[in-house]
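Reading through the structure tokens given below for one structure.
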Amino acid sequence: MECDIMENDILEALEDLGYKGAIIDDEALNQAACKGAISPEYTKLCAWLVSELKRFCKLEENVEATNSPNESEGFQLEMSGLLTEMNCPYVCLTSGDVTKRLLEKKNCLLLLTYLLSELEAVRMLAVNIPGKEAQDGEGSEVFKELKCVCMTLGMSKPPLNITMFQFFSGIEKKLKETLSKVPPNYVGKPLLSKTLGPSHW
């Protein structure tokens, strides 16, 4: 059930982001995710997401699509380097045997979910980055709201290469610091009591 929900979310996100590759339906995504790193189509999708991320983030690591299953280990090594650079919070994607991490369907779906959530977030904040993407004004209202939050909390402007996970973690940390200085019950109870991850957005 969890994988089904992730698959639906992934396909919707890909459509929203303008993906034009081969993985456009449930069957294609399922086949690619089941094979993971040994599927050239899966690696092409991952490489596309990374290339889109690099339009907005100064990432040093690069990820190339494969042409055959024999290149799967090299792909996983490259992806491991990228995830380390991005400070990916998912242990199953950053620890253990690097040549086996992306051979399980759930891990493969989780990787796509993570990359998609990062790409969606940086596109919404594209107005903060010089260039055509910023001039288009995509996500400018969202950026303005986040900018107000940062200004209210007295936070400095984040570096351009920060990941969305780091950005929102910083906001969360600052909020906790601020709330620790106000009287009890100054703020009402939260509407959500559970932590949300990329698969919930």
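The values are calculated or read from the model by the stated rules, or taken from the named source; none is laboratory data. Given the structure is predicted, the values throughout are model-derived calculations rather than measurements. Don't worry about glycine lacking a Cβ; one is built from the backbone with ideal geometry, like all the others, and counts go over all protein chains shown.
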Practice task
Note down all Cβ pairs under 9 Å where the first residue falls in the range 97-122 and is crowded, with 22+ Cβ neighbours inside 10 Å and at pLDDT 95 or above, the second is among the acidic types (Asp, Glu) and not in a helix (DSSP H, G or I), and they're at least six residues apart or on different chains.
Solution key: none
Practice task
Go through the residues of the range 10-29 one by one and say whether even a single one is free of Cβ contacts under 8 Å to residues at least 40 places away in the same chain and under 13 Å from CYS108 (Cα atoms).
Solution key: yes
Practice task
Could you tell me whether any residue of the range 52-69 is among the hydroxyl-bearing types (Ser, Thr, Tyr) and modelled with pLDDT under 95?
Solution key: no
Practice task
Answer with yes or no whether ASN67 is over 19 Å from the mean Cα position of the chain (by Cα), assigned to a loop (DSSP other than H, G, I, E, B), in contact (Cβ under 8 Å) with a residue 12 or more places away in the chain and exposed (fewer than 15 other Cβ atoms within 10 Å of the Cβ).
Solution key: yes
Completion exercise
In the range 107-119, anything touching an Asp or Glu at 6+ places or on another chain (Cβ under 8 Å) and under 10 Å from ALA33 (Cα atoms) is listed as LEU109
